Amino acid sequence: MKTIHVNASKSYDILIERGILDRAGEEIKTVCGAGEALIVSDDTVWDLYGETVLDSMQKADFDVTSFTFPHGEQSKNLSVYADILNALAARHLSRKGLVVALGGGVVGDMAGFAAATYLRGVRFVQIPTTLLSQVDSSIGGKTAIDFGGVKNIVGAFYQPKKVIIDPEVLETLSRRQLMAGLAEAIKMAATNDAELFELIENSAGLTADLPQIIYRALMIKKNVVEQDPRETGLRKVLNFGHTIGHAVESFNAGKLLHGECVALGMIPMSGDNAAARIKSVLEKYGLPSKIGQSAEELMPFL
């Protein structure tokens, strides 16, 4: 098992190990103790891994129940956020309670924001199940929902108590989802780690290289968020590709995945040499490299 310690306003560990999902409960217990908990997941992830995590938490003596919602960005809204709050209130979760986010970026953002606001903040743990959430969104404490057609406009900075990463879960991702997550790793490499960029650029076997890509991307994010946990300066580097990318994502209303939009957003913000290399590596992995909208169409979302 690899452990990365993060100290960003609050400290916590990221645990990375194949098969760790089977003992998620005991790993959570080491930082939270055994008590009342709610697992928040989406319908796709729950069918794959929900019972495994639920069983592991019950074996670790947690009083645990679950709440699931329909998968996809369209669920990242006030209505589903309210449903999560209702689930927390219905089981009378106290300030000593725990929210476990089991899923990708949408689940992590939604569950984290609910945890940040219910009773002015209860503990929560991230168990990311997509490459995008493993290398990026589960780390650093950003939680949010979409509102008024604008992505992530309502949210909070709220750090997890622990992040548990099981690379085995990536085997059930579609290639499209996997590549969308890789786009975030490409973003971090392009801005922070030339060697990692070259590894991705020249990889002859992505599956074999994924553990190293995940670890190195996490180290980038750790170092950035420790220096700037609330995005007042340096942390803005992690938004490379996101300004135009979020506009593309909002315009397309769920037709493109978040990572695909970040991929598109990097190219217009790059100088000629960098843009050419980034475009080439995106095309290598089947990621989109040409924005289908005009500047005028995107401007209202920027």
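Regarding A217, is this residue more than 18 Å from T130 (Cα to Cα) and of a type in the set (A, V, I, L, M)?
Working: more than 18 Å from T130 (Cα to Cα): no; of a type in the set (A, V, I, L, M): yes.
The answer is no for A217.
For region 273-296, give me each residue that is of a type in the set (S, T, Y) and within 23 Å of the chain's Cα centre (by Cα). Talk me through it step by step, then tell me what you get.
Of the residues in region 273-296, the ones of a type in the set (S, T, Y) are 280, 285, 289, 294.
Matches in region 273-296: Y285, S289.
Rundown of residues vs (1) crowded, with 20+ Cβ neighbours inside 10 Å; (2) assigned to a strand (DSSP E or B); (3) not basic (K, R), yes/no style:
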position	(1), (2), (3)
V135	yes, no, yes
T143	yes, yes, yes
G155	no, yes, yes
Q159	yes, no, yes
R176	no, no, no
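Would you confirm whether any residue within region 82-89 is assigned to a helix (DSSP H, G or I), exposed (fewer than 14 other Cβ atoms within 10 Å of the Cβ) and of a type in the set (D, E)? Checked region 82-89: no residue is assigned to a helix (DSSP H, G or I), exposed (fewer than 14 other Cβ atoms within 10 Å of the Cβ) and of a type in the set (D, E). In the set (1) in contact (Cβ under 8 Å) with a residue 60 or more places away in the chain; (2) closer than 19 Å to L257 by Cα; (3) open to solvent by 10 Å² or more (accessible area, probe 1.4 Å); (4) out of contact with any helix residue (DSSP H, G or I) (no Cβ under 6 Å at 6 or more places or on another chain), D109 fails one condition alone, (1).
Per the listing G286, G241, the residue uniquely modelled with pLDDT of 95 or more, open to solvent by 30 Å² or more (accessible area, probe 1.4 Å) and at positive phi is G286.
Taking the conditions (1) at pLDDT 95 or above; (2) within 28 Å of A144 (Cα to Cα); (3) charged (D, E, K, R) in turn, E231 satisfies each one other than (1). Kindly indicate whether any position in region 262-281 is in contact with a Leu (Cβ under 7 Å, 6 or more places away or on another chain), closer than 18 Å to L131 by Cβ, assigned to a loop (DSSP other than H, G, I, E, B) and open to solvent by less than 50 Å² (accessible area, probe 1.4 Å). Within region 262-281, none of the residues are in contact with a Leu (Cβ under 7 Å, 6 or more places away or on another chain), closer than 18 Å to L131 by Cβ, assigned to a loop (DSSP other than H, G, I, E, B) and open to solvent by less than 50 Å² (accessible area, probe 1.4 Å).
For region 1-15: of the residues being small (G, A, S) and open to solvent by 50 Å² or more (accessible area, probe 1.4 Å), which is farthest from P128 (Cα to Cα)?
Here is the first cut: in region 1-15, the residues small (G, A, S) are 8-9, 11.
Then keep just the ones that are open to solvent by 50 Å² or more (accessible area, probe 1.4 Å); that gives 9, 11.
Details: S9: 21, S11: 18 Å.
Step by step, filter region 1-15, then rank; the result is S9.
Taking the stated definitions as given, is E226 open to solvent by 40 Å² or more (accessible area, probe 1.4 Å) and either without any contact (Cβ under 8 Å) to a residue 12 or more places away in the chain or not in a helix (DSSP H, G or I) (or both)? In short, no.
The values are calculated or read from the model by the stated rules, or taken from the named source; none is laboratory data. In this text the structure is predicted, and so the values were computed from the model without any measurement. All Cβ positions, even for glycine, are placed from backbone atoms using ideal geometry, and neighbour counts span all protein chains on display. Surface areas here come from the heavy atoms of the whole protein model, side chains and all, with no ligands, DNA or RNA. Shrake-Rupley method; radii C 1.70, N 1.55, O 1.52, S 1.80 Å.
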